[in-house]
Amino acid sequence: METSNDLQNMRRLYTRSVLSEETAGSNPLELFNLWFSEAQAEGEQEPNAMSLATVDKTGQPSARIVLLKGLIREEFQFFTNYNSDKGKDIADNNKVALNFFWPKLERQIRIEGLASRIAREESETYFQVRPRESQIGALTSNQSSVVPSREFLEEKFASLTKEWEGKVVPMPENWGGYSVFPIKIEFWQGRVGRLHDRIQFERKESGWNRSRLSP
């Protein structure tokens, strides 16, 4: 199927907003909170969805979408199976990248930082407020491992649902949260003529250093 011409003609004119040094301020985490609240108000679908990029021990990068579940102690928090591909990557190389994309607002936020596991007690607290189906799903899935069929997963899910009926579902030993300590945060605002606004904050010993990047 020929799609190259269609792809070449796909474009959007970005006119929604501007990002100046004045509006960016001096604290990127305050600006993140502002932009996140505006994404919620705009009705962005899953505004807490973010791309997480990791690199394995051979140097192969990979990316997937995960959900931001907290901005705790100025760190970005998400949860997963520690034995997943992403968990194995982080164990070998804890340098990661996050990316938020909010098309209605014509905005991106790019984050580079260091990932580390959070305390098990914090993971337990979050696990117990998850929907019960998600709790059973965490018990069911040995994330990223090969399974024989979809039916295998559904049968295991049904069996565990029956086993834990009327009981508190335990958090798996290999499941929990990560916090990403931000080293660099870039705010991207689409502009006319692809002359986008890009304001970058880089962490220094004295605090955050702000600069404007060429689009």
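The values are calculated or read from the model by the stated rules, or taken from the named source; none is laboratory data. Keep in mind it's a predicted model, so treat the numbers as computed, not measured. With ideal geometry, Cβ positions are generated from the backbone for all residues, glycine too; neighbour counts draw on all protein chains shown. These accessible areas exclude ligands, DNA and RNA; they are computed on the full protein's heavy atoms, side chains included. Shrake-Rupley method; radii C 1.70, N 1.55, O 1.52, S 1.80 Å.
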Lysine pairs meeting the criterion (Cα under 26 Å, 8 or more apart or interchain), as found in the chain:
20
Given 145, 170, 200, which one lies farthest toward the positive end of the charge dipole of the chain, if we put +1 on the Cβ of every Lys and Arg and -1 on the Cβ of every Asp and Glu?
200
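Express the relative contact order of the stretch 62-162 as a whole percentage, based on alpha carbon pairs under 8 Å and six or more residues apart in sequence. Could you put the intermediate results ahead of the total?
Details: 75 pairs, mean separation 20.9, N = 101.
Averaging sequence separation for qualifying contacts and normalising by length gives 21 percent for the stretch 62-162.
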With +1 at each Lys and Arg Cβ and -1 at each Asp and Glu Cβ, the charge dipole magnitude of the stretch 88-137 around its Cα centre, to the nearest 20 debye, comes out at 140 debye
Helix axis angle, 150-163 relative to the chain longest principal axis, alpha carbon, degrees:
60 degrees
Taking 7 Å along the Cα-to-C-beta vector as the label spot, tell me the residue 45-residue 211 distance in nanometres, rounded to one decimal.
3.7 nm
Using only helices, what value at 222 nm comes out for the chain when you add -39,500 (n - 2.57) per DSSP H run of length 4 or more and divide by the total residues, to the nearest 500 deg cm²/dmol?
-8500 deg cm²/dmol
Please work out the Cα center distance from the stretch 5-64 to the stretch 110-174, rounded to the nearest Å.
28 Å
Calculate the dipole size of the chain relative to its Cα centre from +1 charges on Lys and Arg beta carbons and -1 charges on Asp and Glu beta carbons; express the result in debye to the nearest 20.
420 debye
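Could you tell me what percent of the accessible area of the stretch 1-111 is made up of carbon and sulfur, with a 1.4 Å probe and every protein chain present?
Numbers: 3110 of 6540 Å².
In the stretch 1-111, the share of accessible area belonging to carbon and sulfur is 47 percent.
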By accessible area with a 1.4 Å probe, ligands and nucleic acids excluded, highest first: order of 188, 208
208, 188
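Loop-only GluC sites (Glu not before Pro) in the stretch 153-198, please: DSSP not H, G, I, E or B, and at most 12 other Cβ atoms within 10 Å.
Values: sites: 154, 155, 163, 165, 173, 186; in loops: 165, 173.
Qualifying residues, ordered by number: 165, 173.
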Cα Rg, Dmax, the chain, angstrom units
20.1, 59
First select every other residue whose beta carbon is under 10 angstrom from the beta carbon of residue 28; then total the charges, Lys and Arg +1, Asp and Glu -1.
-1
Å² per residue, accessible surface of the stretch 1-70 at 1.4 Å:
68 Å²
Using only Cα atoms and rounding to the nearest 10 degrees, what angle (0 to 90) does helix 28-42 make with the longest principal axis of the chain?
80 degrees
Top of 153, 31, 19 by mean-square fluctuation, Gaussian network on the chain, Cα under 10 Å
153
In percent, what relative contact order does the chain have, based on Cα pairs under 8 Å that are 6 or more apart in sequence?
25 percent
Identify which of 176, 166, 25 has the largest mean-square fluctuation in a Gaussian network model of the chain, with springs joining Cα atoms closer than 10 Å.
166
